[in-house]
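Values quoted throughout were computed directly from the atomic coordinates according to the rules given, and no laboratory measurement underlies them. As the structure is a computational prediction, the values presented were derived from the model and not from experiment. Ideal geometry is used to build each Cβ from the backbone, glycine not excepted, and the neighbour counts take in all protein chains shown.
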Amino acid sequence: MDQTQLQGIEAAQLALKVLNQEPIFILDVRNESDFADWRVEGKDVQTLNKPYYELIDGVDDILDTIPSEREVLVVCAKEGSSIFVAEQLIEAGRTNVSYLIGGMKSWSEQLTPVKIGDLNDGGEIYQFIRIGKGCLSYMVLSQGEAAVIDAVRMTDVFEQFAQEKNVTITHTLDTHLHADHISGGRQLAAATNGSYWLPAKDATEVEFHYEKLEEGNNLIIGQTEISIQPIYSPGHTIGSTSFLIDGQYLLSGDILFVNSIGRPDLAGKAEDWVSDLRTTLYERYRALSEDLIVLPAHFGKVTELGEGGRVSARLGDLFRQNPGLQIEDAAVFRRMVTENLPPQPNAYVEIRQANMGKIHPTQEEQREMEIGPNRCAVHDGVSDAQEKFPFTITNDEIGAKLAAGEKLHILDVREPAEFASGHMPGAMSMPLGELEKRLSQLETDRTYYLICRTGSRSDRACHILAERGFPNIKNVTPGMLQWTFDIETKN
């Protein structure tokens, strides 16, 4: 084989192909659960998942499923396995084959700037799309100055872009304390001698200096006024703050997305913050101009990407089309945002701690913490096609077993704060977001009963364990919300 035939492509090249809707076929050789959780997606991206270990002896079995007329890209977690498989495809006679340099780790870190529009004074606003993670950052440029909002940790991209535009970054701002990714705001401010701003109500436990984002304050960037939303907009976090820029753009943080709304549970206070979320969305945002262009801090699905990859929508259109803004009954709204949530982001507890300055992970540890989708929206990460786990047991049935003195292996996949407030006797706390990292603590020959608040998270956990070779799994329904038997409150 001619080794020079095999070439790698950078994540930046792949991002442009996806954003420009170029056709590409991706052979993902990671294991099935990792693929199901998170993968490269796009409007004209066709994907096949075939785990690497099934291709060690050759690729003959999959050749007929790989189109010969399309560019074929092989991806894995870091790149090693994809190189091996790509070389086999070339040996089998395929020509237009490449691999993703750096694998899905590099895809997670790719940041691509796109212009959103011009400002009234001649300035500009840009959106930075972290397409592999769903994060969105912004840079406002005016008269030689710039502000960066919701910066991710790859701060060199912002510094390089500012240099190319011949502007100085004078302010960095976070709309809230993030739980799905490491904020780069503080690091970027330090590198550029700028000021770092954070909502005070989200910063009660931080261990560093910051400027307080407060209602009614205005920041001037060059000749452009950034108006800190004069209406308090909590719900995703208690301090969530919206930015009104140049009278044209509403930076909504993680309160409102194009196709969904923010989840209120990532600090363990879903029940407390639901009413705040509803008030912000249904009352405070309602009072704003419908012509504002909403620019969120995340997107959950590639269908939210518009022309050139931009993620935006007119506020008035969202009030007519966004499913999360169509629920008139407050009780129904409460159930939607507390009972059927997707899994929490990977390592979100540690990410919050890092963003508070309580822990200081290395660069490699930060990469590992951020692997996977963001899941900051109510509907993010939920597969419409996934069937319910078929093996269940009711609250009454398992309650009777416990009353009879049976020794059961119960996994409670709720968050630690939920577990501490009351759980089934003898249950082990194993939050859904930690499940795959703690599989070594489980034994495949045991029967495990999985429970959460309403059966949704435990259903997902059952699927994960079944995919990882645990044959005896049952989902407890309807879950702790309707549990009437004895509980324990110790951790």
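Secondary-structure-derived ellipticity at 222 nm for the chain, considering helices only, amounts to -7000 deg cm²/dmol, per-run term -39500 (n - 2.57) for DSSP H runs with n ≥ 4. Neighbour counts of C-beta atoms inside 10 Å place D28, D150, D276 in the sequence D276, D28, D150, starting with the fewest. Near H178, once Lys and Arg are set to +1 and Asp and Glu to -1 for all other residues with Cβ below 11 Å from its Cβ, the sum equals -4. Which shape class applies to the stretch 3-107: rounded if a/c is under 1.5, otherwise prolate when a/b exceeds b/c and oblate if not, where a ≥ b ≥ c are the square roots of the Cα gyration tensor eigenvalues? Taking the square roots of the gyration eigenvalues as a ≥ b ≥ c, the stretch 3-107 is rounded. What you get for the chain, charging only the Cβ of Lys and Arg (+1) and of Asp and Glu (-1), is a dipole of about 800 debye around the Cα centre. Ranked by how many other Cβ atoms sit within 10 Å of their own Cβ, fewest first, the residues H298, H209, H463 fall in the order H209, H463, H298.
Below 8 Å between Cα atoms, with a sequence gap of 6+, how large is the relative contact order for the chain in percent? Over the chain, the number comes to 11 percent.
Taking the DSSP beta bridges with both ends in the chain, the antiparallel portion is around 45 percent.
Loop only by DSSP, 11 or fewer other Cβ within 10 Å of the Cβ. Give me the GluC sites (Glu not before Pro) in the stretch 58-163 that pass, ordered by residue number. Answer by residue number: E69.
Residues of the stretch 237-254 with an amide N closer than 13 Å to a point placed 7 Å from the Cα of N120 along the Cα-to-Cβ direction: 245-249. Legend: distances between Cα atoms for K78/K437; K115/K165; K105/K437; K133/K165; pairs beyond 24 Å are K133/K165. The shape of the chain comes out oblate: with a ≥ b ≥ c from the C-alpha gyration tensor, a/c is at least 1.5 while a/b does not beat b/c.
Derived scalar couplings between HN and Hα for the stretch 113-120 equal x, 9, 7, 8, x, 9, 9, 5 Hz in order, rounded to whole Hz, by the Karplus curve 6.51 cos²θ - 1.76 cosθ + 1.60 (θ = phi - 60°), x for Gly and Pro. Full extension of the chain between E328 and V206 gives 40.2 nm of extra length, using 0.36 nm per residue less the Cα-Cα distance.
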